1. Can you list residue pairs whose Cβ atoms sit under 6 Å apart, with the first residue in segment 94-112 being over 13 Å from ALA48 (Cβ atoms) and free of Cβ contacts under 8 Å to residues at least 60 places away in the same chain and the second being surrounded by fewer than 17 Cβ atoms within 10 Å (Cβ to Cβ) and not aromatic (Phe, Trp, Tyr)? Count only pairs 6 or more apart in sequence or on different chains.
2. Just name the residue that is modelled with the lowest pLDDT out of those in segment 105-152 that are of a type in the set (Val, Ile, Thr) and in a helix (DSSP H, G or I).
3. Any residue in segment 49-67 that is in a loop (DSSP other than H, G, I, E, B), open to solvent by less than 50 Å² (accessible area, probe 1.4 Å) and either under 24 Å from LYS205 (Cα atoms) or touching a residue at least 12 places away in the same chain (Cβ under 8 Å) (or both)?
4. Restricting to segment 136-194, and then to whatever is within 25 Å of PHE231 (Cα to Cα) and without any contact (Cβ under 8 Å) to a residue 12 or more places away in the chain, can you tell me which residue is surrounded by the most Cβ atoms within 10 Å (Cβ to Cβ)?
5. Are any residues in segment 87-99 at pLDDT below 85, in a helix (DSSP H, G or I) and either open to solvent by less than 60 Å² (accessible area, probe 1.4 Å) or in contact with an Asp or Glu (Cβ under 8 Å, 6 or more places away or on another chain) (or both), and if so, which ones?
6. Is it the case that segment 253-270 has a residue that's of a type in the set (S, T, N, Q) and at pLDDT below 90?
7. Filter segment 281-300 for residues that are in contact with a strand residue (DSSP E or B) (Cβ under 8 Å, 6 or more places away or on another chain) and assigned to a helix (DSSP H, G or I); which is surrounded by the most Cβ atoms within 10 Å (Cβ to Cβ)?
8. Which one is farthest from the chain's Cα centre (by Cα), of the residues in segment 26-46 that are without any contact (Cβ under 8 Å) to a residue 60 or more places away in the chain and open to solvent by less than 30 Å² (accessible area, probe 1.4 Å)?
Amino acid sequence: MAMSDVQKAERAEIALLAGATPDVAAALKAWLARLGHERRLSAKTREAYARDMTGFLQHLARHLGATPDLAAFSELAPRDVRAVIAAKRAEGIEPRTQMRFLAAARSFGRHLEREGLGKVGALTAVRAPSIPRTLPRPVSVADAKKLADPDIRAGEAREGWVLMRDAAVLALLYGSGLRISEALGLKRRDMPAPGTGDHITVTGKGGKTRMVPVLPHVLKAIDAYAAACPFALELGGPLFVGEKGGPLSPRIVQRVVEQLRGALGLPDSATPHALRHSFATHLLARGGDLRSIQELLGHASLSTTQIYAAVDASALMASWRAAHPRARLADSKEG
């Protein structure tokens, strides 16, 4: 039976505390509790913090030659922190993961200072690894529609309701720009029946809620799936369920898209999350403004949403190069 996010977070916390000295373990436990209660971070996010902090402590212990206690934390120098980051880099760990390690350690350091347990200025004195900003890779409008078409998989030896469920999930991801966790976190009562509403409230990162529109054809697809589903979908239960009636796993949706990539000849970048990128990029290409798209996506900062403007500009340039005769002439001269 698959573990819940809360169980995974608890397991990660146990592993973290087991490798710490008693005083550090007590501080870590209070820090994780603060993340959950005061900052209202999800169990999945707390699990990630615990895993990253476990990795940081392990590398720090190797560097120092002993498991650090609170006194050792207070005595850390910037070179010690850089040594931990360098060790991760030597393992081939990408900059984004290195930055996560440092972010977890900094958060713990801030907790120690708030509680009067020591100052860890070395953590903030070290510059975070730079992360090359890559553009999102959306799929085309036509391919996004195909991914959400149940007829594409009509020949598979799967029950019809499962194919309808998968198509409904993918249609929702593209039609409303949801993260997969947001879609699979919906309850049956959250989704209006066709003709009774045109929006839903979803819970995103950090427990923040936002209102997003739902297209009529998406509502019909979800309603058709719900009618065909052999399990009773309780109002307070999950909207999307697995073949045994439990909550649908994100991995199942990811596998579905992996299979469809092969059938449709799509690149590896075509993932469930790429449908969210497609939602934003296609809206922008059709005149949507960045502020509205920011609200729909649930981005805390407009700068996060602005990356889609670069995607749109990149697509425009690609179209210009492909279609404009002078552009083709220029390319041939450069070659």
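The values are calculated or read from the model by the stated rules, or taken from the named source; none is laboratory data. In this text, all values refer to a predicted model and were calculated from it rather than measured experimentally. When we count neighbours, we look across all protein chains shown, and the Cβ atoms used for this are built from the backbone with ideal geometry, even at glycine. Side chains included, ligands, DNA and RNA excluded: accessible areas come from the protein's heavy atoms. Shrake-Rupley method; radii C 1.70, N 1.55, O 1.52, S 1.80 Å.
1. Listed by first residue and then by second, the contacts come to PRO95/ILE131; LEU102/ALA128.
2. ILE152
3. No: segment 49-67 contains no residue that is in a loop (DSSP other than H, G, I, E, B), open to solvent by less than 50 Å² (accessible area, probe 1.4 Å) and either under 24 Å from LYS205 (Cα atoms) or touching a residue at least 12 places away in the same chain (Cβ under 8 Å) (or both).
4. Top of the filtered list is ARG158.
5. Matches in segment 87-99: LYS88, PRO95, THR97, GLN98.
6. Checking segment 253-270: at least one residue is of a type in the set (S, T, N, Q) and at pLDDT below 90.
7. LEU296
8. This residue is LEU32.
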